[in-house]
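One structure is given below, encoded as structure tokens.
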Amino acid sequence: MEKWGVLAVLSLTVLSGCSTYAPPAPAFHPQLTGEHYVDSGDMLRVTVYGENDLSSQYAVDQAGYLSLPLIGEVPARGRTTHQLRQAITARFADGFLLHPDVAVEVAEYRPIFVMGAVQNAGSHAFMPGMTVQNSVAIAGGFQSGADQRTVDLTRQVNGQVMTGRVLITDPVIPGDTIVVRPLF
């Protein structure tokens, strides 16, 4: 019975060490497992098979539109590449091309922003699979006296800007803003 008492005390000690961490809002994590949602700053590769003059890389502008030859502006913000492919195909089929065959993929993701107690604050390139820790490393690492366990992360979720405290092992998505806090 004494062995179980020691285990119970150890378990409570370990759990109490985690009490300073408050998990981010549940809405943060579905964003990580779903498809990429296009937004301003993304560079997309649009391929219109058989139409080399229409195939190129296009930037999503500040208003969230993709401007393509012949069909003009196509709303891109908040759409997946699959949804965008369907919209572009429909626009080309509406009097411009007989049987358009279109592919859309992300050529370059919009940047992430790392601020606070890091060596090189600013915008940095996003790569799929990045964590907060990778982001801080790209920003030159932590400054001395920085909180190296958790950061404040701001993300747009379903059209709303949300901020939460996350562990440095948490993944990031394009457009995230990471703020490394100093220890007090």
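What tally of residues in segment 115-131 results from selecting those that are part of a strand (DSSP E or B) and either at pLDDT below 95 or surrounded by 18 or more Cβ atoms within 10 Å (Cβ to Cβ) (or both)?
Restricting attention to segment 115-131, the residues satisfying the condition of being part of a strand (DSSP E or B) are 115-116, 118, 122-124, 131.
So of that shortlist, the ones also either at pLDDT below 95 or surrounded by 18 or more Cβ atoms within 10 Å (Cβ to Cβ) (or both) come out as 116, 118, 124, 131.
Residues meeting the conditions: 4.
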Worksheet item: So Thr169 fits all but one of (1) crowded, with 19+ Cβ neighbours inside 10 Å; (2) touching a Ser or Thr at 6+ places or on another chain (Cβ under 7 Å); what number is the exception?
Response: (1)
Worksheet item: Which of the residues belonging to segment 48-81 are charged (D, E, K, R) and in contact with a helix residue (DSSP H, G or I) (Cβ under 9 Å, 6 or more places away or on another chain)?
Response: Glu51, Arg79
Worksheet entry | Of the criteria (1) in a loop (DSSP other than H, G, I, E, B); (2) over 26 Å from Asn158 (Cβ atoms); (3) in contact with a strand residue (DSSP E or B) (Cβ under 8 Å, 6 or more places away or on another chain), which one Arg77 fails | (2)
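Which is basic (Lys, Arg) and farther than 23 Å from Tyr37 by Cα, of Arg149, Arg155, Arg110, Arg165?
On the way: Arg155 fails: farther than 23 Å from Tyr37 by Cα; Arg110 fails: farther than 23 Å from Tyr37 by Cα; Arg165 fails: farther than 23 Å from Tyr37 by Cα.
Among Arg149, Arg155, Arg110, Arg165, only Arg149 is basic (Lys, Arg) and farther than 23 Å from Tyr37 by Cα.
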Item to complete: Just name the residue that is farthest from Leu167 (Cα to Cα) out of those in segment 132-156 that are within 16 Å of the chain's Cα centre (by Cα) and part of a strand (DSSP E or B).
Response: Gln156
Fill in: Identity of the residue in segment 55-86, touching a residue at least 24 places away in the same chain (Cβ under 8 Å) and farther than 26 Å from Asp176 by Cβ, that ends up surrounded by the most Cβ atoms within 10 Å (Cβ to Cβ)
Ile71
Practice prompt. Evaluate segment 97-112: report whether one residue or more is surrounded by 14 or more Cβ atoms within 10 Å (Cβ to Cβ), among the hydrophobic types (A, V, I, L, M, F, W, C) and closer than 30 Å to Gln148 by Cα.
Written response: yes
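Does Val104 satisfy being outside the structural domain of Val132 (by TED's automatic domain parsing), touching a residue at least 24 places away in the same chain (Cβ under 8 Å), touching a Leu at 6+ places or on another chain (Cβ under 7 Å) and not acidic (Asp, Glu)?
Values: outside the structural domain of Val132 (by TED's automatic domain parsing): yes; touching a residue at least 24 places away in the same chain (Cβ under 8 Å): yes; touching a Leu at 6+ places or on another chain (Cβ under 7 Å): yes; not acidic (Asp, Glu): yes.
Spelling it out, Val104 is indeed outside the structural domain of Val132 (by TED's automatic domain parsing), touching a residue at least 24 places away in the same chain (Cβ under 8 Å), touching a Leu at 6+ places or on another chain (Cβ under 7 Å) and not acidic (Asp, Glu).
The values are calculated or read from the model by the stated rules, or taken from the named source; none is laboratory data. Everything numeric in this text was worked out from a predicted model, so none of it was measured. Every residue, glycine among them, receives a Cβ derived from its backbone with ideal geometry; neighbour counts consider all protein chains shown.
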